[in-house]
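FYI, it's all coordinate maths here, none of it is from the lab. Bear in mind that the values here come from a model prediction, so they are computed numbers and not experimental data. Note that each Cβ is placed from the backbone with ideal geometry, even for glycine, and that neighbours are counted across all protein chains shown.
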Amino acid sequence: MASIVKTPSGTYKVLIRKRGFAPVIKTFDKKADAQHWAKITEAGMATGQHVDFSKEARSTTVGDLFQKYLNEMPPVKNPEQQAIKVSALFKSIKFMDRHLDQISSTDIQKWRDARLKDVKPGTVIREMGTLSGVFNYAINEWHTPLAKNPVTGVSKPQGGDVQRTRGWEDWEVEAVLKASNFDPNNKPSNKKDYAGWAIALAIETAMRKGEMLKVTAADFHPNEQRLFIKDAKNGYSRSVPLTKKAISLLTVMTRGLKPDEKIFPLSASWLAQTFDMAKKDAGLTDKELILHGGRHEATTRASAKLAHVLELTAFTGHRDLRSVKRYYNPKPSYIADKLG
C-alpha cells in the first residue's frame, strides 16, 4: 500500500511497497498529483502492467526528449515553424540538462519568471505552449517516464492578450516597398526584395505569413478571382477572394513558375529577416510595425467595403467573430466621419 509523506521542503513523497516488486519512491509538488500517481501505479502492479521507469528517468534528460522530438518531428500543421520554435527553446533553456526524475513545475516557474524580464508576456505564453506540447507528445506517444507534464498547473503570465491597434500608414508601406526595390511589373531579383511583395500582398488579401509561404502557382486561380490555401492556421482549407490589384501582383509572381513551385521561395525565418532589414533600410523603427500588421490593415480596409460581417470573415478566413474584432482597428476619425 502506498504511503504519502509531506517533506520538510513542502513536497510530497510517495513510497509503495508490494510483494514481488522493488520499492517505488517518487516526489511531487502537490498532494493531489502524488495521490493520482500512487493510485495508477498500484493498479498497474495489481494487473501486472507496472514497469519501473526509475532507471530510464535517471538516465534521460529533458534535452534528450527535445532532441528526439526534433529528429522525428511529429505530424504537426507547420513542421518547419514548429522545428524553429522547439530548436530555439532547446538551445536556450537551462533545465534541458535536468533528468526526468528531477524536472518539476518549479523549474518551469523559474524559467517563466526569468524569461519575463527579457520578453513580453505573450511571447512567454506561446513558448509555454510549445514546451507543454513537447512534454505531452513524449508522455502520450513515447510513454516517457514522467508522472505528469511539468508545465501543467504553472500559471500563464498576465497581459499576454494584447490587442494590436498599430496599423500601416500609406507612407510607411511605400517606404518598405522602396527599400525592397519593389516593381509591380517584375519579380524580385533576390530573396531580400520579397519583403515588399509580402506586405503588398498582405494588405490586399489579409493573408498570414505562413499562408503566403505555402501557396504554389497551382493555387492561383485568376479566372475565379481566388487563391486556394490548403490547411490554413485554423486547420481548414479556404479560398482567398482576390482584388484586381492582388490578381495583378500574383500574376507577376507566378510568371515562369511550375505548378508545384512556391510563390514565395523563402523560409519563415528568412522572410522575417528580410522584412526587418527592409524596415531598417526604410528608417522605420517602431517595433509594433510588423508584417502581420498587414493582415490587420487589410481587415480594417475591407470592412469599409463589405456590407456584412460574414462577408468579412469569408475574406479573412476567421471562423470566430471575436477573432475578427481583434483585427478590426479603425481610426477614431474614420468612425467619426461615418457618424457625420
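Here are the numbers:
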read-out	value
Reference-scaled alpha-carbon Rg (2.2 N^0.38 Å with N residues) for the chain	1.27
Note, ³J(HN,Hα) from phi for region 253-270, Karplus 6.51, -1.76, 1.60, rounded to Hz, x at Gly and Pro	5, 8, 4, x, 8, 6, x, 8, 7, 6, 5, 10, x, 9, 8, 4, 5, 5
Whole-number percent relative contact order across region 170-339, with pairs defined as alpha carbons under 8 Å at least 6 apart	27
In sequence order, calculated HN-Hα J values of region 64-77 (Karplus, 6.51, -1.76, 1.60; Hz; x Gly/Pro)	4, 4, 5, 5, 5, 4, 5, 5, 8, 6, x, x, 10, 5
Of LYS156/LYS279; LYS209/LYS262; LYS230/LYS258; LYS187/LYS262, those spanning more than 21 Å from alpha-carbon to alpha-carbon	LYS156/LYS279
Taking all pairs of distinct alpha-carbon atoms in region 57-141, Kirkwood radius in angstrom	13.3
Viscosity 1.002 mPa s, 20 °C: Kirkwood-radius Stokes-Einstein D of region 170-339 over Cα pairs, µm²/s	130
Over 16 Å [Cα-Cα, region 212-277], rounded percent	51
Residue order, fewest to most surrounding Cβ atoms within 10 angstrom, among PHE95, PHE66	PHE95, PHE66
Taking only Cα atoms of region 111-221, radius of gyration then Dmax in Å	20.5, 59
Pairwise label distance in nanometres, LEU89 with ASP183, each label 7 Å out on the Cα-Cβ vector	4.5
GluC sites (Glu not before Pro) within region 174-270, DSSP loop, no more than 15 other Cβ atoms inside 10 Å	GLU261
